[in-house]
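Right, one structure below, let's go through it.
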Amino acid sequence: MKSPVDKLLKKNRELIHSEMMKVNSHVQREEKNTDWIINTITLEGYDVPFRFKRKKGYRNLKGARVNLTYYAGMESVAGFDMEVMYVVRIKMA
């Protein structure tokens, strides 16, 4: 039987899965005019922010090891394009 991660990766070729990644920082903020909370994490060895949304606050992940499934994207910030990773699935390792 295939794991949920294997099913996601087979269905969406752009997805990337990483395991046992150490979180350096974790910031949560409310999205304007909605009830979503945007979580931004940075991982050890990566210069790119990883973002995901939730309806409720998420526990602080700083220093934790996580398994991530994500895809790359671009976001315009202050007039210049910046690479961002959008998290589809996150689990504590």
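Between Asn12, Asn67, Asn33, the GNM of the chain built on Cα springs shorter than 10 angstrom shows Asn33 fluctuating the most.
Based only on Cα atoms, what mean projected area does the convex hull of the chain have, in nm²? Numbers along the way, then the final one.
Working: hull surface 28.3 nm².
If I average the Cα hull's projected area over directions, I get 7.1 nm².
Residue separation times 0.36 nm, minus the C-alpha to C-alpha distance between Arg59 and Tyr71: what's the value? Each step should come with its number before you reach the end.
On the way: separation 12, 0.36 × 12 = 4.32 nm, distance 2.24 nm.
Here the answer is 2.1 nm.
With both labels modelled 7 Å from their Cα along Cα-to-Cβ, the Ala93 to Arg29 distance reads 2.8 nm.
Computed on the chain, with alpha-carbon pairs under 8 angstrom and 6+ residues apart, the relative contact order is 27 percent.
Could you sort out which of Lys32/Lys55; Lys10/Lys62; Lys32/Lys91; Lys2/Lys62 sit more than 21 Å apart by Cα distance in this structure? The partial results should precede the final answer.
Details: Lys32/Lys55 13 Å; Lys10/Lys62 30 Å; Lys32/Lys91 26 Å; Lys2/Lys62 30 Å.
In this structure, Lys10/Lys62; Lys32/Lys91; Lys2/Lys62 exceed 21 Å between Cα atoms.
Read-outs throughout are calculated quantities, based only on the coordinates presented, and are distinct from any laboratory measurement. Every value quoted in this text rests on a predicted model; they were computed, and no experiment measured them. Quick reminder, even Gly has a Cβ in these numbers, built from the backbone with ideal geometry, and neighbours come from all protein chains shown.
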